[in-house]
Amino acid sequence: MNTMVLLTSSDLNFTVRRQQPELIAPAKATPRELKLLSDLDDQDSLRAHVPLVHFYRHEASMAGKDPVKVIRDALAQTLVFYYPFAGRIREGVGHKLVVECNEKGVLFIEADVDVTLAQFGDNLKPPFPCFDSLLYNVPGSEGILHCPLLLIQVTRLKCGGFVFAMRMNHTMTDAPGILQFMNALDEIANGASEPSILPVWHREILSARNPPRVTRTHHEFEQVAGAAIPLKDTVQQSFFFGPSEISAIRRVIPRHLRQSTTFEVLTACLWRCHTKALQLDPNDDVRTLLIVNTRFGRGRFDPPIPAGYYGNAFVSPAAVTTAGKLCESPLGYALELVKKAKAKVDKEYVHSTADLLVTRGRPCFTSVRSWMISDLSRFGFRNVGFGWGKAVYAGPAEAGFGPLAGVSFLVASTNDKGEEGRVVPMCLPPEPMKRFAKELDNMLGSYKNSKDSSIIMSNMYNWQNHGQSD
């Protein structure tokens, strides 16, 4: 049985022929058991699904091979090693999540569309036209509990390329974790008998201590009066940052901050533009939440998170200030705040986060006047090819997370000039999005046209923060 649907967007019209969704179980018998998630895994903020998408060109060396069959067969083999993904989550005592490993399987959809990859445009980036047709939401599958933990759709394109789209239950895994699973799927699709990195569960290492003790300040979980921007009231737009844009921003960084990472620099710049676009009361507190993964960085966890661990292993320290101070100060001010927040993360901060989640009833991240950012640009999502080579685009399908709009990602990308860089999908209400784009354009334009601006801004920053007397 198959379903044919005619889809229309402002950019593209096409017909999708979709086969009946099927459940793919592990190719061999796997343990039937219960596995506890960690206290970082089952926090309320992560009880949502995340869509990812990869676009692939036609590959002459794969002529005669069907990406649907290759990936479907490899999926069954990969689930032998990652068998918890074939199970279902249920809730236990105290709101605690547990995975019932029962071999029920993950959802898989085979589809065809009558368009070519070129028709999606030269510069692939979110939002994608008619994305709902490339990752069909199977009715009844979108719950966190008692539902499939992965949904995968492979859609053949008329040109011989294809689209691989996936929806993941975030309580099970984070970005490095799902990439590890996809790398295993890629290796087995290319003939390997097992993954080069075997999966590790051990979720207890990121669970609360006994007794729990909150030892750090966690601005990321503070309860703030007001309402978050709902995703349904927003529009999506992506912004590309290549060498010239990054260089322009770095020109205005004070000398003592010149060793800042690109993630830190872009976060400071985008947070400032995002705040200006919202036109908030100058006295309102605003914050940016930084996704900091404990797998990476010296001293963030000791002993280090084991290779093969695929659970959520990140914390999200927040930089906080007022809207007026952020918007009126030079970029160096925002950058200092970002760097200080990121530097707070060590083993004790991670333990304190897990302890807070347990003692305070698993609170959600602060979403009022907040913007969260995660850097996925160096993980290598585009290198997952299943035999068809490097993906043209690979990463999140949209900005936002669950019902919330204030979440963005840095994604490795190439623009229409062939320049390597990062694309950042943003999510804002229509009028603030226009103001954001204008503010960013004006900022980059002024930075690109500036000469010796790093010296000027450094002097201004030092005067404002160190040179004033009572």
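Go through the residues of region 81-101 one by one and say whether even a single one is in a helix (DSSP H, G or I), free of Cβ contacts under 8 Å to residues at least 60 places away in the same chain, touching a strand residue (DSSP E or B) at 6+ places or on another chain (Cβ under 7 Å) and not small (G, A, S).
Restricting attention to region 81-101, the residues satisfying the condition of being in a helix (DSSP H, G or I) are 81, 83-86, 93-95.
Those left that are additionally free of Cβ contacts under 8 Å to residues at least 60 places away in the same chain: 83, 93-94.
Those left that are additionally touching a strand residue (DSSP E or B) at 6+ places or on another chain (Cβ under 7 Å): 83.
Retained after the next criterion (residues that are not small (G, A, S)): 83.
So far as region 81-101 goes, yes, one or more of its residues are in a helix (DSSP H, G or I), free of Cβ contacts under 8 Å to residues at least 60 places away in the same chain, touching a strand residue (DSSP E or B) at 6+ places or on another chain (Cβ under 7 Å) and not small (G, A, S).
Checking the structure you have, find out if any residue of region 275-282 is open to solvent by 10 Å² or more (accessible area, probe 1.4 Å), in a helix (DSSP H, G or I) and modelled with pLDDT of 95 or more.
Let us first name the residues in region 275-282 that are open to solvent by 10 Å² or more (accessible area, probe 1.4 Å), namely 276, 278-282.
This time we only want the ones that are in a helix (DSSP H, G or I), so: 276, 278.
Filter once more, keeping what is modelled with pLDDT of 95 or more: 276, 278.
Scanning region 275-282, I find at least one residue that is open to solvent by 10 Å² or more (accessible area, probe 1.4 Å), in a helix (DSSP H, G or I) and modelled with pLDDT of 95 or more, so the answer is yes.
Taking the residues in region 198-230 that are in a loop (DSSP other than H, G, I, E, B) and among the β-branched types (V, I, T) as candidates, determine which candidate is surrounded by the most Cβ atoms within 10 Å (Cβ to Cβ). Working first, answer last.
The initial filter retains those residues of region 198-230 that are in a loop (DSSP other than H, G, I, E, B), namely 198-199, 201-202, 207-218, 222-229.
Next cut, among the β-branched types (V, I, T) only: 214-215, 217, 224, 229.
Numbers: V214: 18, T215: 10, T217: 14, V224: 16, I229: 22.
That would be I229.
Across region 251-264, which residue is farthest from D441 (Cα to Cα) among those that are surrounded by fewer than 18 Cβ atoms within 10 Å (Cβ to Cβ) and either among the hydrophobic types (A, V, I, L, M, F, W, C) or modelled with pLDDT of 95 or more (or both)?
Filtering region 251-264 for residues that are surrounded by fewer than 18 Cβ atoms within 10 Å (Cβ to Cβ) and either among the hydrophobic types (A, V, I, L, M, F, W, C) or modelled with pLDDT of 95 or more (or both), the one farthest from D441 (Cα to Cα) comes out as T261.
Here are the criteria: (1) modelled with pLDDT of 95 or more; (2) among the small types (G, A, S); (3) open to solvent by 30 Å² or more (accessible area, probe 1.4 Å). Tell me which single one G121 does not satisfy.
Exception for G121: condition (1).
Run down R295, R287, R300 and say which single residue is among the basic types (K, R) and outside any loop (DSSP other than H, G, I, E, B).
Values: R295 fails: outside any loop (DSSP other than H, G, I, E, B); R300 fails: outside any loop (DSSP other than H, G, I, E, B).
Of the residues listed, the single one that is among the basic types (K, R) and outside any loop (DSSP other than H, G, I, E, B) is R287.
Restricting attention to region 300-344, and to residues there that are surrounded by fewer than 18 Cβ atoms within 10 Å (Cβ to Cβ) and of a type in the set (D, E), which single residue is nearest to S196 (Cα to Cα)?
So the residue we want is D302.
Kindly check whether there is at least one residue in region 231-239 that is under 30 Å from H58 (Cβ atoms), surrounded by 17 or more Cβ atoms within 10 Å (Cβ to Cβ), of a type outside the set (S, T, N, Q) and under 21 Å from the mean Cα position of the chain (by Cα). If you could, list the steps in order and put the result at the bottom.
Initially, region 231-239 is screened for residues under 30 Å from H58 (Cβ atoms), giving 236-239.
Now restrict to residues that are surrounded by 17 or more Cβ atoms within 10 Å (Cβ to Cβ): 236-239.
Now narrow it down to the ones that are of a type outside the set (S, T, N, Q): 239.
Okay, now just the ones that are also under 21 Å from the mean Cα position of the chain (by Cα), so 239.
Within region 231-239, one or more residues are under 30 Å from H58 (Cβ atoms), surrounded by 17 or more Cβ atoms within 10 Å (Cβ to Cβ), of a type outside the set (S, T, N, Q) and under 21 Å from the mean Cα position of the chain (by Cα).
Condition check ((1) more than 27 Å from G297 (Cα to Cα); (2) in contact (Cβ under 8 Å) with a residue 24 or more places away in the chain; (3) in contact with a Gly (Cβ under 8 Å, 6 or more places away or on another chain)) across all residues:
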{"site": "P363", "(1), (2), (3)": "no, yes, no"}
{"site": "S367", "(1), (2), (3)": "no, yes, yes"}
{"site": "S374", "(1), (2), (3)": "no, yes, no"}
{"site": "V384", "(1), (2), (3)": "no, yes, no"}
{"site": "G402", "(1), (2), (3)": "yes, yes, no"}
{"site": "A405", "(1), (2), (3)": "yes, yes, no"}
{"site": "N415", "(1), (2), (3)": "yes, yes, yes"}
{"site": "E419", "(1), (2), (3)": "yes, yes, yes"}
{"site": "P425", "(1), (2), (3)": "no, yes, no"}
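Restricting attention to region 132-153, does a residue exist that is in a strand (DSSP E or B), modelled with pLDDT of 95 or more, out of contact with any helix residue (DSSP H, G or I) (no Cβ under 7 Å at 6 or more places or on another chain) and not aliphatic (A, V, I, L, M)?
Within region 132-153, none of the residues are in a strand (DSSP E or B), modelled with pLDDT of 95 or more, out of contact with any helix residue (DSSP H, G or I) (no Cβ under 7 Å at 6 or more places or on another chain) and not aliphatic (A, V, I, L, M).
The values are calculated or read from the model by the stated rules, or taken from the named source; none is laboratory data. Since this is a predicted model, take the numbers as computed values, not measurements. Cβ: placed from backbone, ideal geometry, glycine included. Neighbour counts: every protein chain shown. Remember, those area values only see protein heavy atoms, side chains included, never the ligands or the DNA or RNA. Shrake-Rupley method; radii C 1.70, N 1.55, O 1.52, S 1.80 Å.
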